[in-house]
1. Can you send over the carbon and sulfur percentage of the accessible area for the chain, probe radius 1.4 Å, protein chains only?
2. Find the accessible area per residue for the chain; the probe is 1.4 Å, ligands and nucleic acids are left out, and the unit is Å².
3. Give the angle, between 0 and 90 degrees and rounded to the nearest 10, that separates the Cα long axis of helix 60-86 from the longest principal axis of the Cα atoms of the chain.
4. Mind checking the angle between helix 9-26 and the chain's longest principal axis? C-alpha axes, 0 to 90 degrees, to the nearest 10.
5. Springs between alpha-carbon atoms under 10 Å, Gaussian network over the chain: tell me which of Val110, Val11, Val102 tops the mean-square fluctuations.
6. 7 Å from Cα along Cα→Cβ at both Gln100 and Thr30: what's the point-to-point distance in nm?
7. Can you check what the net charge comes to around Leu27, using other residues whose Cβ is under 11 Å from the Cβ of Leu27 (Lys, Arg +1; Asp, Glu -1)?
8. Starting from one equal scatterer on each C-alpha and no solvent at all, send me the Debye-based log10 I(q)/I(0) for region 47-121 at q = 0.24, 0.26 Å⁻¹, two decimals.
Amino acid sequence: MKEDKKRDLPVRTKAFALRIIRLYAMLPKTTEAQVLGRQLLRSGTSVGAHYREAMRARSTAEFISKVEGGLQELEETGYWLELLGEAGILREERLGELRQEVEELTAILVASVRTAKRLKE
């Protein structure tokens, strides 16, 4: 099961981005929903881009930097998801799986950074 969770990370982060895009497309057209949605769209779709950049890193330090950038975007994505739920724009049930994916991707990327830092020493 754990290996399933760590399947091809570029594929998984791209699937996450596509889910974020679909969520954005279904948001109400209110000003609040659209402002939060654009923030979510930007941060949620950039996680995979950061990871792809990390895979092309020329050094361990660059790899760590790119993955940590992805972690920052995941943290921000989690925040926007929280606001969409707590503001009553979307039902919490609609956000649960995305929030879970934020947590799982965060755990995987944190472990990658720790491993890279350990190998760098």
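The values are calculated or read from the model by the stated rules, or taken from the named source; none is laboratory data. Since this is a predicted model, take the numbers as computed values, not measurements. Positions of Cβ are backbone-derived with ideal geometry, glycine not excepted, and every protein chain shown enters the neighbour counts. Just so you know, the surface numbers come from the protein's heavy atoms only, side chains and all, with ligands and any DNA or RNA stripped out. Shrake-Rupley method; radii C 1.70, N 1.55, O 1.52, S 1.80 Å.
1. Values: 3910 of 7410 Å².
The nonpolar share, carbon plus sulfur, comes to 53 percent.
2. Values: 7410 Å² over 121 residues.
Result: 61 Å² of accessible area for each residue.
3. With rounding to tens, the tilt is 20 degrees.
4. 10 degrees
5. Val11
6. 2.7 nm
7. Numbers: positive: Arg22, Lys29, Arg38, Arg94; negative: Glu32.
Counting the neighbours of Leu27, the net charge comes to +3.
8. -1.00, -1.10
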